[in-house]
1. Give me a count of the residues in the range 29-66 that are among the hydrophobic types (A, V, I, L, M, F, W, C) and modelled with pLDDT under 90.
2. Residue pairs, Cβ under 7 Å, 6 or more apart or interchain, first in the range 97-115 and closer than 22 Å to Gly70 by Cβ, second part of a helix (DSSP H, G or I). List them.
3. When residues of the range 70-92 are filtered for being in contact with an Asp or Glu (Cβ under 7 Å, 6 or more places away or on another chain) and outside any strand (DSSP E or B), how many remain?
4. In the range 97-111, which residue that is of a type in the set (A, V, I, L, M, F, W, C) and either within 21 Å of Pro150 (Cβ to Cβ) or outside the structural domain of Tyr131 (by TED's automatic domain parsing) (or both) is nearest to the chain's Cα centre (by Cα)?
5. Residues Tyr69, Tyr74: which one is at pLDDT 95 or above and either out of contact with any Ser or Thr (no Cβ under 8 Å at 6 or more places or on another chain) or exposed (fewer than 12 other Cβ atoms within 10 Å of the Cβ) (or both)?
6. Do you know which residues across the range 93-129 are at positive phi and not in a helix (DSSP H, G or I)?
7. What about Leu56, is it under 16 Å from the mean Cα position of the chain (by Cα) and aliphatic (A, V, I, L, M)?
8. Say we look at the range 119-143 and pick out the residues that are modelled with pLDDT under 90 and β-branched (Val, Ile, Thr); which of these is farthest from Gln52 (Cα to Cα)?
Amino acid sequence: MSTPRLLRRISISAATSSLILAGCATSYAPSADILGSTPAEVIARLGPPLPQPESLEGIRRLDFPRGPYGRHTYFVYFNEAGKAERFNQVLDEKNFRLIKSGMDKTEVVDLIGVSRDTFSLARDRGYVWNYRYISNNSTQCQWFQIEFTPEGKVRSTGDGRPPECRIGGFRLRR
């Protein structure tokens, strides 16, 4: 193979790899370049939100959980003109502390979004939503759990280590 052909193949390969890596890096989390974008443009950049709205008309917030075992959920907020004005990552201890017994699941979703990792409790006692996250004191293996009654009310919350990191215990807060 001639040197120019080899260099051209290397250049094409490098350019393709850069585009793929850039796509991965920009699609996980929002960045400042989405500010001023419409909801449709944000979705094109970040992928489908969860829950998916029936209409983007007049939408004020889109939620982008990263998972199922992702440690981030990003809320993108839109102004009255329908342009993205700010975004933030909501899976943090400050927001978890705001969740109290008796709240309904709609209030939980308003604070930290939906969980993509859930399970039901035996004998129809309710269900649990799990959220993996990065705590202020650690970089991995943290999760926050919310136990709901069958009626969709928070019974208790707790944090600890997910099953794949069985080191240490589980703290329950009531």
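1. The number of residues fulfilling the criteria is 1.
2. Going by the 7 Å Cβ cut-off, the qualifying pairs are Leu98/Leu111; Ile99/Val108; Ile99/Leu111; Leu111/Asn95; Ile112/Asn95.
3. Residues that pass the stated criteria total 1.
4. Across the range 97-111, the extreme among qualifying residues is Val109.
5. None of the others qualify; the one that does is Tyr74.
6. Gly102, Gly113, Gly126
7. When the stated conditions are applied, Leu56 does not pass them.
8. Filtering the range 119-143 for residues that are modelled with pLDDT under 90 and β-branched (Val, Ile, Thr), the one farthest from Gln52 (Cα to Cα) comes out as Thr139.
The values are calculated or read from the model by the stated rules, or taken from the named source; none is laboratory data. Keep in mind that this is a model prediction, so the values were computed, not measured. As a convention, Cβ positions derive from the backbone with ideal geometry for all residues, glycine included, and neighbour counts pool all protein chains shown.
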